[in-house]
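Asks: Here it is, the structure in full.
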Amino acid sequence: MSLCSSATRIKVSSTLEKSTGKANLIDSNPETCWTSQQGLPQYIQLTFTAPVTPKVLCVTFQGGFVGTECEVQTPSKEGWSAVQKIYPEDVNREQKFKLDEAQFYDIVAVRLFFLKSSDFFGRITIYKLDLLSE
């Protein structure tokens, strides 16, 4: 079951242009996307209306614009803490990453912090982003 909804607040480090805005990340439309401006790091932050326990991260990048090294972070007293690292492939298909349930139990926010990109200029393009409870 998807944990993202229209009530999920989204914050991003940058957006290339209005037509590739952050709302496109969770709109379920395969024709729309979010694209960052150039430069690293980039991030996507999701804030939920109630505590959630995500078990799977699903993401569909545009090949050539993939965040190839990503810290999955949760809020901490000091700001954000990296609790898991993922290494997406440079492909166009949906990729799923199992999350450590103990690290993501009853969280109110999560941040994907992209350290590397397959794009020379550091841009990232995502067509679909979702967190699943199962």
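Asks: Just to verify a result, which residue in segment 76-111, among those that are of a type in the set (Gly, Ala, Ser) and closer than 20 Å to LEU132 by Cα, is surrounded by the fewest Cβ atoms within 10 Å (Cβ to Cβ)?
Replies: The initial filter retains those residues of segment 76-111 that are of a type in the set (Gly, Ala, Ser), namely 76, 79, 81-82, 102, 109.
Among the residues that remain, those that are also closer than 20 Å to LEU132 by Cα are: 82, 102, 109.
On the way: ALA82: 15, ALA102: 8, ALA109: 17.
Within segment 76-111, the match that is surrounded by the fewest Cβ atoms within 10 Å (Cβ to Cβ) is ALA102.
Asks: Does PHE48 satisfy being assigned to a strand (DSSP E or B), touching a Ser or Thr at 6+ places or on another chain (Cβ under 8 Å), closer than 15 Å to LYS11 by Cα and in contact (Cβ under 8 Å) with a residue 24 or more places away in the chain?
Replies: Yes; evaluated as a whole, the condition is true for this residue.
Yes/no matrix, rows are residues, columns are (1) in contact with a helix residue (DSSP H, G or I) (Cβ under 7 Å, 6 or more places away or on another chain); (2) closer than 22 Å to GLY79 by Cα:
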residue	(1), (2)
SER5	no, no
ASN24	no, no
ASP27	no, no
THR32	yes, no
PHE48	no, yes
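Asks: Looking at segment 95-105, is at least one residue in contact with a Ser or Thr (Cβ under 6 Å, 6 or more places away or on another chain), of a type outside the set (A, V, I, L, M, F, W, C), part of a loop (DSSP other than H, G, I, E, B) and farther than 29 Å from GLU17 by Cβ?
Replies: Yes: segment 95-105 contains one or more residues that are in contact with a Ser or Thr (Cβ under 6 Å, 6 or more places away or on another chain), of a type outside the set (A, V, I, L, M, F, W, C), part of a loop (DSSP other than H, G, I, E, B) and farther than 29 Å from GLU17 by Cβ.
Asks: Can you pull out every residue in segment 35-45 that is open to solvent by 20 Å² or more (accessible area, probe 1.4 Å), of a type outside the set (Phe, Trp, Tyr) and under 11 Å from the mean Cα position of the chain (by Cα)?
Replies: The answer is GLN45, and nothing else.
Asks: To continue, here is another question. Would you check which residues across segment 50-73 are open to solvent by 40 Å² or more (accessible area, probe 1.4 Å) and either aromatic (Phe, Trp, Tyr) or touching a helix residue (DSSP H, G or I) at 6+ places or on another chain (Cβ under 6 Å) (or both) and list them?
Replies: Residue satisfying the conditions is PHE65 alone.
Asks: Identify, by number, the condition in (1) at pLDDT 95 or above; (2) small (Gly, Ala, Ser); (3) more than 14 Å from CYS4 (Cβ to Cβ) that ALA23 doesn't meet.
Replies: Only one criterion in (1) at pLDDT 95 or above; (2) small (Gly, Ala, Ser); (3) more than 14 Å from CYS4 (Cβ to Cβ) is unmet by ALA23, namely (3).
Asks: Mind listing just one residue for me: the one in segment 10-34 that is within 16 Å of ASP130 (Cβ to Cβ) and part of a helix (DSSP H, G or I) and, of those, most open to solvent (accessible area, probe 1.4 Å)?
Replies: LYS22
Asks: Among all residue pairs at least 6 apart or on different chains, which show Cβ distances below 7 Å where the first residue, located in segment 68-80, is closer than 19 Å to ASP90 by Cβ and the second is of a type in the set (Gly, Ala, Ser) and open to solvent by less than 40 Å² (accessible area, probe 1.4 Å)?
Replies: Hits for this filter: THR68/SER117.
The values are calculated or read from the model by the stated rules, or taken from the named source; none is laboratory data. Fair warning: this is a prediction, and the values are worked out from it, not measured in the lab. Cβ sites come from the backbone with ideal geometry, for glycine too, and all protein chains shown count toward neighbours. The accessibility values were calculated without ligands, DNA or RNA, using every heavy atom of the protein model including side chains. Shrake-Rupley method; radii C 1.70, N 1.55, O 1.52, S 1.80 Å.
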